[in-house]
Amino acid sequence: MATNAAPTAPVCSAPMKATSNGAFQKENPLDFALPLLIVQIILVVSFTRLLAFLLRPLRQPRVIAEIVGGILLGPSALGRYQKFLDIIFPKKSMTVLDTLANIGLLYFLFLVGLELDIRAIRRTGTNSLIIAVAGISLPFILGIGASVVLRSTVNKGVSNIVFLVFMGVALSITAFPVLARILAELKLLTTDVGRIAMSAAAVNDVVAWILLALAIALSGSDSSYLVSVWVLLCGTAFIVFSIFVLKPILSVMARRSPEGEPVKELYICITLSIVLAAGLITDIIGIHALFGAFVVGIIIPKDGPFAGVLIEKIEDLVSGLFLPLYFASSGLKTNVATIEGSQSWGLLVLVIFTACFGKIVGTVVLAMLFKVPFIEALALGVLMNTKGLVELIVLNIGKDRKVLNDQTFAILVLMALFTTFITTPIVMAVYKPARKGKPYKNRKIQRQDLDSELRVLACFHSTRNIPTLINLIESSRGTRKKGQLCIYAMHLMELSERSSAISMIHKARKNGLPFWNKKPGDQNQMVIAFEAYQQLRSVVIRPMTAISPLNSIHEDICTSADRKRAALIIMPFHKHQRVDGTMESLGHSFHLVNQRVLRHAPCSVGILVDRGLGGTTQVVASEVSYSVVVPFFGSQDDREALAYGMRMAEHPGIKLTLLKFTPKPETALNPPKADMGAESKKDNEIFSEFLNLSKSSESVKHEAISMGSREDVIAALRSMSNSTLFLVGRTSPAMPLSDRSSDCPELGHVGSYLASSDFSTTSSILVIQQYDPSINAMEKPLDDINEASNKTMSNGV
């Protein structure tokens, strides 16, 4: 008897187990979730970092490498080999990969919110606000036309309103974090263009998130608009709940984390858990978990160390390891091969043109109405056309919610990639701000007109350098009524690959204001220290900030010195003294910064070896009692050091001693004195000025020392080892004073010996190099670099 076979149910593949028993048990580790995930992470991170390294000469932001890396790993390139996808990115592993990528994205959006200061957005000027609105409105309107074309050709069968909103958001977004990094890389942060772009992009960022929330609310599977209204109302209620319930809780934890004390681990754990809980709530509401994390980041108090510690705890793990997984996940959904035929490529050109035209034209027209020059307005429009992570988030949400099909998704991803890629080269081509200041003559301390203003660019890395700098400034201010001292205090900040560089940029923009324009809540330790000193003394102090990678920050320093007409640049030595008296290096990169400044400086340069000049606090004028020593061997650098010492000797609390070394005939000098006749004449002239000063002041004296060997020099210097400060010429014609070769050639023979722990642990040293136009590298090579890279300085007002 025949039997009817029952229909077979579809067979589902078994879920992946977490770990394997090992290869020796004849199990393939890549068939298990954890080993496969580890391989995926290593591959994605290594591949994107390699691409970032290869794109570095083109000065592209890292997000470009991560987007391209994701696309190349997907079906557009390597994924065309099905075996590769089946082994490395099998479909059964994608849930785990996407979940981990979204956890990373959740915390990254928390970091973005943490670094977005709503107070700064409230203070955005009218011009920037209107430019931002124009930069959003015109692309959004043009996006309507593009959405009609796309919907009638390649993206049929979706709600017109929902697709319109997604297209409008995708075309009108400006990637705030990516823009900040491009501006910093091009050294445009503190130019007018940079300031307007940052303010407008911050406003654009907030508006984009609001529009995205609207788009998500409208894109639910339920076609009823009543559901969308409920989603928006619940989202609004969540924001109100966050402000009035979560923010006070977070504020209490921030207040209980005072400056100088470690933040409790419990507070970090509670905050990170609140981020996850907020993500869960917004996911339940239906506006994506990312919004909850972003809102929590925004409401956390930005004052005090609490926000900074949160960033420090999670940014490296999130940005370095988890975020590239999101780009890989996005790339695996992007199949460029779906763009085929003249129609598809024509639509890609249309979308790119619409995005660029809307952003650039809208921004340029409004900027020119506010009397921004055309070239600056054009650069601003190109900068505002930058896309990035938020763009990919919008597109991925649209694809997950079936608003965008594969072809439309690929077109919009390539649009985002193209518009961001062209930003840097176009801005470098069209916007070439003047970098050099007007010619000026007082590029040295030694000068004919002693009553002219002395301008000094004093650089520092951290608060550690400030007391010594202020005490040095106090000692240098002299007593002349006309010859005042003007100090440009420049904070040197390294621009790293970390996302927290954005908060550093905010800080720099605030610090770039004159002290008297600062708002009460914006002050920090560094500003307060210089402000207090300025109010007490007749010294003009201007704050400045340079934010650059350490391999190019010397350009900021040298250009700022040239434009501010400085006569002296003071650089902190790359080593600082530990409690036991030994010198500890801050890193080789800081060492190279000083060497580059010496080569390219447009004026004299001093390297300050800080051993606590005047102690660890600022000394009031009446308590200044320093003994300053100038070892004088005879060279242009020695003359510059002596000229500085003579200026310091005008201060009633300074005792100046000149050690005048005269070599015996048989003494071999290294380096030998060049052009003996002319050099000796100049040495005698400044020595005569010194003698006239010593006759009128009891605090100025000199000792003549005949040197036949290095032991004579060492003995003379050791006799003054209790002095407060040594002013030393960098290229003093003296023999090496140590058997060991120095690792600090920028200090010269005498400076290297004085800076060694063998000599003293209390005497600070200022090694001075006099400006020499015949060998100065600023005049041509740096100008060539500037012209090629089209960078502008990172300085304050």
- line: Residue set GLY308, GLY346, GLY320, GLY341; condition modelled with pLDDT of 90 or more and not aromatic (Phe, Trp, Tyr); output residue GLY346
- request: Could you tell me which of the residues ARG647, ARG599, ARG611 is assigned by the TED database to the domain that holds LEU747, surrounded by 16 or more Cβ atoms within 10 Å (Cβ to Cβ) and modelled with pLDDT of 90 or more?
  value: ARG599
message: under 28 Å from ILE397 (Cβ atoms) and either in contact with a helix residue (DSSP H, G or I) (Cβ under 8 Å, 6 or more places away or on another chain) or assigned by the TED database to the domain that holds VAL394 (or both): is that true of ILE243 in this structure?
response: yes
message: I need the full set of residues from the stretch 371-383 which are within 14 Å of THR354 (Cα to Cα) and either of a type in the set (A, V, I, L, M, F, W, C) or touching a His at 6+ places or on another chain (Cβ under 7 Å) (or both), in order please.
response: VAL382
message: Can you find, within the stretch 141-152, the residue that is nearest to the chain's Cα centre (by Cα) among those that are without any contact (Cβ under 8 Å) to a residue 60 or more places away in the chain and open to solvent by 10 Å² or more (accessible area, probe 1.4 Å)?
response: ILE144
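Sort through THR48, THR126, THR99 and tell me the only one that's among the hydroxyl-bearing types (Ser, Thr, Tyr), modelled with pLDDT of 90 or more and open to solvent by 40 Å² or more (accessible area, probe 1.4 Å).
THR99
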message: Take the conditions under 27 Å from ASP283 (Cβ atoms) and at pLDDT 85 or above and apply them to VAL252. Does it pass?
response: yes
- request: Considering each of LYS247, LYS313, LYS302 in turn, give the residue that is more than 19 Å from THR99 (Cα to Cα), within 25 Å of the chain's Cα centre (by Cα) and in a helix (DSSP H, G or I).
  value: LYS313
Residue list for the stretch 437-471, filter: among the basic types (Lys, Arg) and under 24 Å from ASP638 (Cα atoms): LYS441, ARG443, LYS444, ARG447, ARG455
query: What are the pairs, 6+ residues apart or on separate chains, where a residue within the stretch 695-706 that is farther than 11 Å from ALA649 by Cβ has its Cβ under 8 Å from a residue that is assigned to a strand (DSSP E or B) and of a type in the set (S, T, N, Q)?
result: HIS702/THR657; GLU703/THR657; ALA704/THR662; ILE705/THR662; SER706/THR662
- request: Go through the stretch 688-706 and give me each residue that's in contact with a strand residue (DSSP E or B) (Cβ under 9 Å, 6 or more places away or on another chain) and of a type in the set (Gly, Ala, Ser).
  value: SER694, SER697, SER699, ALA704, SER706
- prompt: Hey, does the stretch 350-367 have a residue that's in contact with a Lys or Arg (Cβ under 7 Å, 6 or more places away or on another chain) and of a type in the set (A, V, I, L, M, F, W, C)?
  reply: no
- request: Could you please let me know if LEU395 is aliphatic (A, V, I, L, M), open to solvent by less than 20 Å² (accessible area, probe 1.4 Å) and within 30 Å of THR191 (Cα to Cα)?
  value: no
message: I need the full set of residues from the stretch 553-569 which are open to solvent by less than 10 Å² (accessible area, probe 1.4 Å) and either among the aliphatic types (A, V, I, L, M) or not in a helix (DSSP H, G or I) (or both), in order please.
response: ILE553, ILE557, ALA561, ALA566, ALA567, LEU568, ILE569
task: Go through the stretch 578-600 and count every residue that is in contact (Cβ under 8 Å) with a residue 24 or more places away in the chain, under 26 Å from TYR626 (Cβ atoms) and not β-branched (Val, Ile, Thr).
output: 5
message: Being open to solvent by less than 20 Å² (accessible area, probe 1.4 Å) and without any contact (Cβ under 8 Å) to a residue 40 or more places away in the chain narrows it down to one residue among GLY235, GLY194; which is it?
response: GLY194
- prompt: Quick check, is LEU129 under 30 Å from VAL372 (Cβ atoms), assigned to a helix (DSSP H, G or I) and in contact (Cβ under 8 Å) with a residue 40 or more places away in the chain?
  reply: yes
- request: Scan the stretch 295-313 residue by residue and report those that are open to solvent by 10 Å² or more (accessible area, probe 1.4 Å) and farther than 19 Å from GLU261 by Cα.
  value: VAL295, ILE298, ILE299
- prompt: Looking at the stretch 107-117, is at least one residue part of a helix (DSSP H, G or I), under 23 Å from VAL394 (Cβ atoms) and without any contact (Cβ under 8 Å) to a residue 60 or more places away in the chain?
  reply: no
- request: Please give the helices (runs of 4 or more DSSP H) falling wholly within the stretch 133-235 in which 3 or more residues are over 30 Å from MET490 (Cβ atoms) and at pLDDT 85 or above.
  value: 160-172
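The values are calculated or read from the model by the stated rules, or taken from the named source; none is laboratory data. From a predicted model like this one, the values you see are computed outputs, not experimental measurements. Every residue, glycine among them, receives a Cβ derived from its backbone with ideal geometry; neighbour counts consider all protein chains shown. Side chains included, ligands, DNA and RNA excluded: accessible areas come from the protein's heavy atoms. Shrake-Rupley method; radii C 1.70, N 1.55, O 1.52, S 1.80 Å.
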